[in-house]
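Written out below as C-alpha cells is the structure these notes cover.
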Amino acid sequence: MYCIVLKKLYIFVSHFSSKNISMKKVVTIHLSGKLFQIEEDAYQKLDAALSQIKLNEPKNFDSIETSLADDFTIKIESGQKVITFQMVNEVLRNKGLLNYSNAGQKGKRSYDRLYRNTKDKVLGGVCSGLGEYWGIDPILMRLLFVVLFFGFGTGFLLYIIMWIVIPKAD
C-alpha cells in the first residue's frame, strides 16, 4: 500500500516539477490522408499502436485510423500546432487503444497512470490494472491478493479500498 501511495506521490510531483522546456524532434506524417506534425516520441508510440491494431483488427483498421485522425484534427484546431506524446496517450486512452501501444514490450507500462482494467477483470479490474501498470501478469497480482487475504487477512480490505480509489480505464 505504501508503494502505491509513494508511486502516486512521485507521479504527482514529477508532473508539476517537469516544466523545463526542451526542444524535441518533429516529424511529418500522413494519417488517413491528413498531414500532421508530431513529436518523434509521440510518433513512435502512435506507430506502435497502429501496427498492433493492424495485426489484431485488420477489418477495423481504416475506421480506427480515420477516427484517430479526426481526434488529432480537433486537437490541432484547438490551438496546438504539434501533436505531443501526452496528446497521443490521451487520444489512445479515450478510444480504448492505449494497450495496443505497448503490446509485446515486457516491463513497460501501458498506462501513464494507474487505472482499473475493466476489459480483463475478474471482480473489479484492480489486479489487472496493477499488472498493466507494472508490466507483469495480472494472475501474479491476483495470487498476491489471495496470499494477503489468507496469510495476513488484509487482502480483501486492500482490494476494496483500491477498487474505490483507483479510477476505471475508459
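The values are calculated or read from the model by the stated rules, or taken from the named source; none is laboratory data. Computed from a predicted structure; not experimentally measured. All Cβ positions, even for glycine, are placed from backbone atoms using ideal geometry, and neighbour counts span all protein chains on display.
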Q: Kindly check whether there is at least one residue in segment 126-139 that is assigned to a helix (DSSP H, G or I), outside the structural domain of GLN52 (by TED's automatic domain parsing) and surrounded by fewer than 13 Cβ atoms within 10 Å (Cβ to Cβ).
A: yes
Q: Provide a single number: the residues in segment 68-96 that are outside any loop (DSSP other than H, G, I, E, B) and surrounded by 15 or more Cβ atoms within 10 Å (Cβ to Cβ).
A: 16
